[in-house]
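FYI, it's all coordinate maths here, none of it is from the lab. Quick caveat, the model's predicted, so the values are computed rather than measured. Note that we place each Cβ from the backbone using ideal geometry, even for glycine, and neighbour counts take in every protein chain shown.
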Amino acid sequence: TCSGASARVVTVSPGPLIRVEGQQVSIRCDVKDYAGPREQDFDWMMSREADGQKIKIISTIETSFSNPSLSKRVASGDISVVRLQDDEAELKIAEVQLLDAGFYWCQTPSTDVVVTGNYEAQVQLTVIPNTLKVSPQTPPPAVSEGSDLTLSCNVTRELTHPTYLSVTWSVKRGAVSEEILTFGPQGDVVTGTRFARRYADGGIRLVPGQNGKFELVITRVTTSDEGIYECNGTEWTHEDGGKWIKIVESTKEMGTVGVTPTDWLWTGSTIHFLVCSTSQIVVSTGGTARTSHLIGSLDGRGNLVSGSMYADRLKSGALSLSRVHPNTFNLRFVRIQDVDMGQFVCTVSAWSVSSQGDLVKTAEARSSALAVVWVPPTGPTLNVIAKRIREASVGGATFEMSCSVNAENLGEAGYSVLIQSQESLQGNVRTIMTLSPDNVLQHGGATDPNRRDNLVLTKFGPAEFRFRLAGVQLSDRGFYWCAITAWTKQQPGQMWTKATSSESNKVRINFQENGPSFSIAFHSDTSSVYPWETAKMECELSVSGSSPKTDDLAYEVSWFFTRLRGGPTTTQVASMDRFGVVKKSDRNSSSDISVERKDTHTDSGEYHCIATPWYMSASTGSWIEAGELISSRVFLTVKFAVWESLKLPLLYGSSASLGVGLFSLVLGLVCAHCCCRNTTHTPRSRNKLMDLEMD
């Protein structure tokens, strides 16, 4: 028979593990479904090769367990074991070395009544050199408010194993450091809380380059952007189970950036200047070779004199210069124009009256320049941000992402959405689903018709859309994003007119197919039997890990017999395939998979079973054959009983003899009665005798 039962299961951190030299390494080990005391002990060992000699590292129960070559590192605390729970412990290496690479075993001493399951687990540790390099470019020490700031940073490493990079920009003001933006390791973008809206509006842009160069462009900087900028490079590894592990990082200071204040205006707005003790106001425009244009001035007697470029505007009232206090003057632009952009300067002159009664300039001072810049009118802009709502870390799980739209200078609009994907960044683009501005849903040509029920695209809000993919498969791995187009109508009832479009960042589906793990145990209800008795042997299978549904699991089981204990020759007794069909092998004429034999010791020997589990992959929907499992062996002895062997022959012989005797007796009587007849006796005549005597 084959039945499920609990058995000890020992597991370690999923591997292989990739770590960087000089960094900390932690390997967890836990045990489940065990008998005995609640608190379990753990022994750690390692070997350079998978089949190499094991070296004892550390134990939770034996203080002298460590190999002499590791005793100093254990004593110094470089290697330690920490008990996390009664059934869980963690091996820690403070600074891993290249020679620590190899295979690590976690063993749990048996406390079970019956030895079932696995008592050790293995994981491979790969140690690579630290080749991560972070090389930032020094930004300008000062930038004008409203201009763009480009932060360049080079992050590289030597690619010897599958590791991934991420780059993070942050700004520090005082002792507080604030993250601006992180790119990677999955190719996605994560922004800091204060910078999320600016990134969504396009105020912060990421420009990936070649050979590890990354640029972060902050547009229209403000005084709040001042600070010390830093660049962080991190190397990651992606382990089984979809977990990202940071293995090494490096942070470099880029430099201090100051922002020179500048007044911002919209074209067509009104601007006021309060200038003190002004006699002349000049605007400077141009590049490095600046040209100054006189706007207006007041002479020593208070007469207003206008510059040639601004004379008409002063006369029309579009520009005015007035005295608000004895030593303070106000310059006012009623409707500012593009030609007015520049740096405004006022010059103060002191005048005195000479002995002849003339005004004589005695002193002059020039103010610092005040930069004035305005935002020119822009067309509609669209920015789309994709975020992962539900992550599909295993096959069969559900993936969900949202796409939020931020629009500027657009007004009321409708949106059409395309959900697109590609297997790799250089792969072909596939359209999965589309949603029109009138909320008409269609499936793309890349959609499998049999899986359309697993795809959902809904409008979650006025400017938010959600895409859901249920039951992900291996073929679904890749990058997903939203391509959104904004449409407007001049009048209700008119056709939609395209305004602008934009694509979101890409969200990745990436998982590994991790099947369940199985264990096997073999039991017999007795170790010895007499002829004609029955022996029941059970092949018990248990499953752990990502257990599939009952309907998605099947087993192939075979029972084998070996006549001699430990003998190499085995004979198959019976088998059952994964569809439940039982096949019995021809062995001899006196036994039907039982312990019924015509002579003694025929069924004595070792028995074991071999099972092959099959499970349905949630990712592909197909059946997958797991590794073959071989149980331990059980020896069965068939005893010879004299009375049990003779009582039936004696009973049959006695019965047969008695039957034959009775039959013979009855037969003789019948024959004597029916077959044998008596002859009639005629006596002699006495007269004749008497006559003879008389003669």
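Here are the numbers:
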| quantity | calculated |
| --- | --- |
| Sorted by Cβ neighbour density within 10 Å, fewest at the top, the residues CYS675, CYS539, CYS106 | CYS675, CYS539, CYS106 |
| Label-point separation in nm, LYS583 to SER76, each point 7 Å along Cα→Cβ | 6.2 |
| Paramagnetic reach from ARG452 in segment 402-437 [backbone N under 17 Å; point 7 Å along Cα→Cβ] | 419, 431-436 |
| Those GluC sites (Glu not before Pro) in segment 336-440 that DSSP places in a loop and that have at most 11 other beta carbons within 10 Å | GLU412 |
| Förster radius 35 Å - calculated FRET efficiency between ASP86 and LYS243 (Cβ-Cβ, nearest 0.05) | 0.90 |
| Pairwise label distance in nanometres, THR131 with ALA574, each label 7 Å out on the Cα-Cβ vector | 5.9 |
| Trypsin sites (Lys or Arg not before Pro) restricted to segment 339-441 and DSSP loop, no more than 14 other C-beta within 10 Å | none |
| Estimated distance in nm for a label pair at SER393 and SER308, the labels positioned 7 Å out from Cα along Cα-to-Cβ | 7.6 |
| Calculated FRET efficiency for the pair LEU667/THR534, C-beta based, R₀ 51 Å, to 0.05 | 0.70 |
| Cα pair count fraction exceeding 24 Å, expressed as % - segment 133-260 | 27 |
| HN-Hα J in Hz across segment 119-124 - Karplus 6.51, -1.76, 1.60, θ = phi - 60°, x for Gly and Pro | 10, 8, 9, 10, 9, 9 |
| ³J(HN,Hα), Karplus 6.51/-1.76/1.60, whole Hz, each residue of segment 657-672, x for Gly, Pro | 5, 4, x, 5, x, 5, 5, 5, 5, 5, 4, x, 5, 5, 5, 5 |
| Under-5 Å amide H pairs with VAL248, H placed in peptide plane, nonlocal only | GLU235 |
| Neighbour net charge for CYS482 - beta-carbon separation under 15 angstrom, K R +1, D E -1 | +4 |
| Neighbourhood net charge (9 Å Cβ-Cβ; Lys/Arg +1, Asp/Glu -1) for ARG508 | +2 |
| Exposure proxy order (Cβ contacts within 10 Å, fewest to most) of LYS315, LYS506, LYS489 | LYS315, LYS489, LYS506 |
| Exposure proxy ranking, count of Cβ atoms within 10 Å, fewest first, for VAL456, VAL10, VAL259 | VAL456, VAL259, VAL10 |
| 15 Å reach of a label modelled at HIS161, 7 Å along Cα-to-Cβ, counting backbone N of segment 79-123 | 93, 95-104, 123 |
| FRET efficiency estimate (nearest 0.05) - Cβ-Cβ, SER147 to ALA318, R0 30 angstrom | 0.60 |
| Computed over segment 430-519, the ratio Rg/Rh where both radii use C-alpha atoms and Rh is Kirkwood | 1.09 |
